[in-house]
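The values are calculated or read from the model by the stated rules, or taken from the named source; none is laboratory data. A quick note: this is a predicted structure, and the numbers were derived from the prediction, not measured. Every residue, glycine as well, gets a Cβ built from its backbone with ideal geometry; the counts of neighbours run over all protein chains shown.
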Amino acid sequence: MKALIVIAHPKHDSFCHAAAAAAERGLRSAGHDAVTIDLYAEGFRAAMSVDERIAYDTDDPILDPQVERHVDLLRASELLVFVYPTWWSGLPAILKGWLERTMVPGVGFTFDERTGKVRPGLQHVRRIVGVSTWGSPRHYAILMNDNGRRVLSRALRMSCGWRARPSWLALYGIDTSSDADRAAFLDKVETKVGSW
């Protein structure tokens with residue numbers, strides 16, 4: 001199975017990068033072909049430009065070669081893994097911007113001209129995995145609706161179809177976690193992601 005890992009953390013030595021590496025190890029050990037996109041390392045621009053917004057309503061909504069390369073990877077992947085820190089109870093802006101710039105008409109969804117309904121554009125995706133860290137404890141995440149999780153497991157799933165199974169791995173309270181807690185979480189990421 002082909003897998004795409006998307007990481008959204010600015011520091012290359014962050015725990016999120018360690019989690020992305022664990023996910024990649026797990027995928028490769030299970031025989032999957034994994035590709036990683038590091039949004040910050042690539043200098044990905046989060047904001048959709050005016051020209052991109054105008055093109056959004058055309059038959060050619062992708063203007064940026066970097067976005068086109070990422071879309072090609074999306075179209076080739078059956079398993080999507082998103083690794084990011086939860087900031088302000090949601091996705092980092094760079095990851096939200098990535099979704100806005102890649103999930104355009106013809107990619108994330110299509111219009112059925114006969115019925116006028118929106119159809120999922122990534123129906124080949126079989127699993128969506130979110131791997132995130134929270135500074136706050138789990139009960140705070142529940143209170144705040146865990147918005148990043150909702151975006152990936154609900155909104156993105158709408159682009160993949162209901163057969164795409166969402167899975168969630170989160171380390172809550174990372175600010176007060178021990179070395180053993182963090183090591184156990186990395187082992188969990190490697191093992192779980194490798195089992196899918």
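What to note about this one:
- Members of the range 111-149 found to be at pLDDT 90 or above, surrounded by 14 or more Cβ atoms within 10 Å (Cβ to Cβ) and either of a type in the set (Gly, Ala, Ser) or more than 14 Å from the chain's Cα centre (by Cα) (or both), listed by number: PRO120, GLY121, GLN123, HIS124, GLY130, SER132, TRP134
- Taken over the range 161-196, the criterion of being part of a loop (DSSP other than H, G, I, E, B) and touching a residue at least 60 places away in the same chain (Cβ under 8 Å) is satisfied by SER195, TRP196.
- When the range 27-45 is filtered for residues that are assigned to a loop (DSSP other than H, G, I, E, B) and not hydrophobic (A, V, I, L, M, F, W, C), the ones remaining, listed by number, are GLY31, HIS32, TYR40, GLU42, GLY43, ARG45.
- Residues satisfying the stated conditions in the range 48-87, i.e. in a loop (DSSP other than H, G, I, E, B), over 20 Å from PRO120 (Cα atoms) and in contact with a helix residue (DSSP H, G or I) (Cβ under 6 Å, 6 or more places away or on another chain): MET48, LEU63, THR86
- Whether a residue is within 15 Å of PHE82 (Cβ to Cβ), surrounded by fewer than 16 Cβ atoms within 10 Å (Cβ to Cβ) and either among the hydroxyl-bearing types (Ser, Thr, Tyr) or at pLDDT 95 or above (or both) was assessed, and VAL35 passes this test.
- Unique match (being in contact with a strand residue (DSSP E or B) (Cβ under 7 Å, 6 or more places away or on another chain), among the charged types (D, E, K, R) and either free of Cβ contacts under 8 Å to residues at least 40 places away in the same chain or within 15 Å of PRO105 (Cα to Cα) (or both)) among ASP59, ASP72, ASP38, ASP64: ASP38
- Scanning the range 182-191 for residues that are among the charged types (D, E, K, R) and surrounded by 13 or more Cβ atoms within 10 Å (Cβ to Cβ) yields ARG182, LYS188, GLU190.
Yes or no, residue by residue, for (1) among the aromatic types (Phe, Trp, Tyr); (2) over 20 Å from ALA76 (Cβ atoms); (3) touching a residue at least 40 places away in the same chain (Cβ under 8 Å):
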{"position": "LYS11", "(1), (2), (3)": "no, yes, no"}
{"position": "ALA21", "(1), (2), (3)": "no, yes, no"}
{"position": "LEU27", "(1), (2), (3)": "no, no, yes"}
{"position": "ALA30", "(1), (2), (3)": "no, no, yes"}
{"position": "ALA47", "(1), (2), (3)": "no, yes, yes"}
{"position": "ALA55", "(1), (2), (3)": "no, yes, no"}
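- Qualifying positions in the range 18-32 - surrounded by fewer than 19 Cβ atoms within 10 Å (Cβ to Cβ) and not basic (Lys, Arg): ALA18, ALA21, SER29, ALA30, GLY31, HIS32
- Matching residues in the range 1-17 - criterion: being part of a strand (DSSP E or B) and either crowded, with 18+ Cβ neighbours inside 10 Å or small (Gly, Ala, Ser) (or both): ALA3, LEU4, ILE5, VAL6, ILE7
- Test: residue in the range 97-104 that is free of Cβ contacts under 8 Å to residues at least 40 places away in the same chain, buried (at least 18 other Cβ atoms within 10 Å of the Cβ) and of a type outside the set (S, T, N, Q): no
- Residue check, ARG154 modelled with pLDDT under 95 and assigned to a loop (DSSP other than H, G, I, E, B): no
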